[in-house]
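Notes follow once the structure below has been shown.
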């Protein structure tokens, strides 16, 4: 009974009507055995007429409308711009089951889309809230310094210079924030063109060590390359973008590293790729934060993170740069032990 079609419904309905009509006429007229031929003829006539009427009614008033619904769902799902909604008729003999399956599939798909939209909405709200907070902090600082100077501090040369220096720091923070937002917008929209070339990632790492060594010295943190990997590893990537990745990850190891700590960079040959890992022995990251660590403005410890400086976009930019190279980045960490950030790059083809 589950997969009834118009023909089967019309057949069984006509059969019942013909049987009842024939029985009624036969009993009412008290037909003898010699009249069974007339009864058979009557049965055939009633059955034929009933079958035609039932089938016509089912097709005309019910199944055609169901087929139209099914055809509409089907064509809209395929491509509403290239399929004619009033095109070919559905040839299925069981449109009810087809509609049921289509509606179930549509409901499941829409449920997933609604859940995705809810997550996106929540993410948007968090992003706008974080963005507002990131802008307000330096803006309020600048506002306070400027009003203080206007209220008379301009007359004191020492105070004047101190407040102007503080204002300059806040302005620089705003500039960095705007630049990072602009860069991440380009990365997310795919507007950034990668200028790939073959280069030695080991040599680039040594250059970055020298570039930010002065920051590491403030906490007496030592940079090093893992023993056994102190040799050239040639990759094919955008050198300046990967420099940005290395600077960001090493800078983070300084910000969240311990005094007199160590940061070690390791290289591994993974066949078609080179794996780069940056390991520190700093404060570490709790497991519940790891999944969201690469989100824009996500901070594990908001107060400490802002004290350390930065825009909160560094790791999001790093993730987008690596993914723009069709590679992956991951992190593993334990509180009190340290963190390891690892990413892959395509190995340069030997000439």
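What to note about this one:
- Members of the range 184-197 found to be part of a helix (DSSP H, G or I) and under 30 Å from residue 229 (Cβ atoms), listed by number: 187
- The condition of being outside the structural domain of residue 132 (by TED's automatic domain parsing), free of Cβ contacts under 8 Å to residues at least 60 places away in the same chain and either surrounded by 14 or more Cβ atoms within 10 Å (Cβ to Cβ) or in a helix (DSSP H, G or I) (or both) holds for residue 247.
- Subset of the range 191-202 (residues that are exposed (fewer than 12 other Cβ atoms within 10 Å of the Cβ) and in contact (Cβ under 8 Å) with a residue 24 or more places away in the chain): 195
- Here residue 293 fulfils each of the conditions (1) free of Cβ contacts under 8 Å to residues at least 24 places away in the same chain; (2) surrounded by 14 or more Cβ atoms within 10 Å (Cβ to Cβ); (3) under 19 Å from residue 313 (Cβ atoms) apart from (1).
- Flag if residue 166 is over 25 Å from the mean Cα position of the chain (by Cα), surrounded by fewer than 14 Cβ atoms within 10 Å (Cβ to Cβ) and part of a helix (DSSP H, G or I): no
- For the range 250-266, filtering for residues that are crowded, with 22+ Cβ neighbours inside 10 Å, in contact with a helix residue (DSSP H, G or I) (Cβ under 7 Å, 6 or more places away or on another chain) and in a helix (DSSP H, G or I) leaves 1.
- Annotation note: of 284, 271, 228, 257, the sole residue that is within 15 Å of residue 332 (Cβ to Cβ) and assigned by TED's automatic domain parsing to the domain that holds residue 336 is 284.
- For the range 198-222, the set of residues classified as under 35 Å from the mean Cα position of the chain (by Cα) and assigned to a strand (DSSP E or B) consists of 198, 199, 200, listed by residue number.
- For the criterion of being part of a helix (DSSP H, G or I), within 25 Å of residue 214 (Cα to Cα), touching a strand residue (DSSP E or B) at 6+ places or on another chain (Cβ under 9 Å) and at pLDDT below 95, residue 318 passes.
The values are calculated or read from the model by the stated rules, or taken from the named source; none is laboratory data. Computed from a predicted structure; not experimentally measured. All Cβ positions, even for glycine, are placed from backbone atoms using ideal geometry, and neighbour counts span all protein chains on display.
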